[in-house]
Amino acid sequence: MALSSRTLEPADRIYFMLAALIGGVLLVYFALVPFLGGNIAFHFYLMLWITMASAFNVAAGFAGYLPFGYVAFYGVGAFTTAILVKKAAVPIFLALPLAGVAGLVLALLFAPTLRLSGIYFGIVNLALAGVCRLTITNLPDWLTGGSFGLQLGSRAEPVHSFYVMMAVMVAALATILWLARSRLGKALRATRDDPDAADMMGVNVPRIRLYGWLISAAFPAICGGVEAWYTNVVDTETAFNTLTTAKTVIYAVAGGLGTVTGPVVGAVAMVWLDELIWRRFPLLNLLILGVATVALVLFLPRGIVGTLLRRKPQWRRYVP
């Protein structure tokens with residue numbers, strides 16, 4: 001049944017009303033941050049992690065892959081933006097979409113690994129991320145800046161990049177919201193749960209997996225480009241830092257994979273917790289955050305939203 005004919009059902013009305021409410025609150029809150037004198041840097045990275053965790057959710061929560069080298073898309077997007085802006089004098093608002101295209105191209109190059117599954121896919125993906133980093137490191141210094149990286153000069157515009165990051169976050173959440181109720185999303189879940197059964201039902205498993213993979217690759221690449229614009233500098237140490245993948249995974253899992261709101265809740269909760277711990281215990285920040293993460297996984301293995309839906313399964317029809 002088409003989505004347009006289902007929107008009048010009570011469950012769908014509640015679903016989209018909740019989605020609109022959550023999205024509206026996020027949009028208004030972030031839009032007012034610069035005007036109310038809020039911490040722009042903190043909220044910029046909060047939006048970045050919401051976007052990263054949500055995009056990762058497509059690969060892990062919907063398609064069932066665990067890309068341990070997820071930072072590769074982020075790093076390629078950052079360097080694509082920096083090279084285009086610094087070396088080719090491409091306007092930033094054209095360079096950012098091209099960074100997303102670079103992420104799609106890289107995803108297509110990685111696509112043959114989609115025939116793998118589980119830990120095998122994760123290990124290979126991590127190795128490919130290392131290959132990407134070494135490749136960029138060994139490119140001519142005049143192109144990538146060598147060990148010093150690239151500086152975008154006077155092009156840093158924190159407020160403008162803040163609102164662009166907000167637009168990217170909204171686009172990512174809208175895409176995931178559509179995916180959750182679309183035929184593509186249902187096909188992705190089917191291939192995740194039982195690819196053989198999905199194939200017998202007429203699902204083109206390789207193509208469906210590729211579509212999900214491409215969606216999950218575009219947004220981190222754009223995030224890398226926007227972050228490069230925001231900080232005004234790009235180097236391989238930060239652009240391909242494995243901590244980026246680690247945080248993305250933790251934030252997505254903390255909220256709950258497979259739902260729209262899970263990665264959002266997880267990112268908000270963990271980023272605020274990280275900030276609170278860093279302010280009060282700067283020397284023990286990583287230790288306390290690690291303990292908190294372990295406790296969360298032990299007591300809420302399905303994440304915050306995932307555990308709530310497991311205890312209240314009747315809410316699955318309403319919670320995005």
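Derivation of every value follows stated rules applied to the coordinates shown; laboratory data play no part. Since the structure is predicted, the reported quantities are computational estimates derived from the model, not experimental observations. We place every Cβ from the backbone using ideal geometry, glycine too, and count neighbours over all the protein chains shown.
Observations, loosely collected:
- Kirkwood hydrodynamic radius (C-alpha pairs) into Stokes-Einstein, the chain, 25 °C and 0.890 mPa s, D in µm²/s: 121 µm²/s
- Mean separation of Cα contacts under 8 Å (6+ apart) over length of the chain, as relative contact order %: 30 percent
- Sequence-distant aspartates and glutamates (8 or more away, or on other chains) whose Cα lies within less than 19 Å of Lys312: Asp12
- Of the trypsin sites (Lys or Arg not before Pro) found in the stretch 5-110, those in coil by DSSP whose Cβ has at most 16 other Cβ atoms within 10 Å are Arg6, Lys87.
- Directionally averaged projected area (convex hull, Cα atoms, the stretch 21-101), nm²: 7.2 nm²
- Think of it as helices only: each DSSP H run of n ≥ 4 in the chain is worth -39500 (n - 2.57), and spread over all residues that comes to -23500 deg cm²/dmol at 222 nm.
- Helix 71-86 vs. the chain, principal-axis angle (Cα, 0 to 90°, nearest 10): 40 degrees
- For the stretch 151-286: Kirkwood Rh in Å [reciprocal of mean 1/r, alpha carbons]: 17.3 Å
- For the stretch 70-213, the gyration tensor built on C-alpha atoms gives an oblate shape. Its axis ratio a/c (a ≥ b ≥ c) is at least 1.5, and a/b is not larger than b/c.
- Folded to 0 to 90 degrees: helix 158-181 orientation relative to the chain principal axis, Cα: 30 degrees
- At q = 0.11, 0.24, 0.26 Å⁻¹, base-10 log of I(q)/I(0) for the stretch 59-146 (Debye sum, equal scatterers on each alpha carbon): -0.35, -1.16, -1.27
- Rounded to the nearest 10 degrees, the angle from helix 92-110 to the longest Cα principal axis of the chain is 60 degrees.
- Three-way shape call for the stretch 200-278 based on the alpha-carbon gyration tensor, with the a/c threshold at 1.5: oblate
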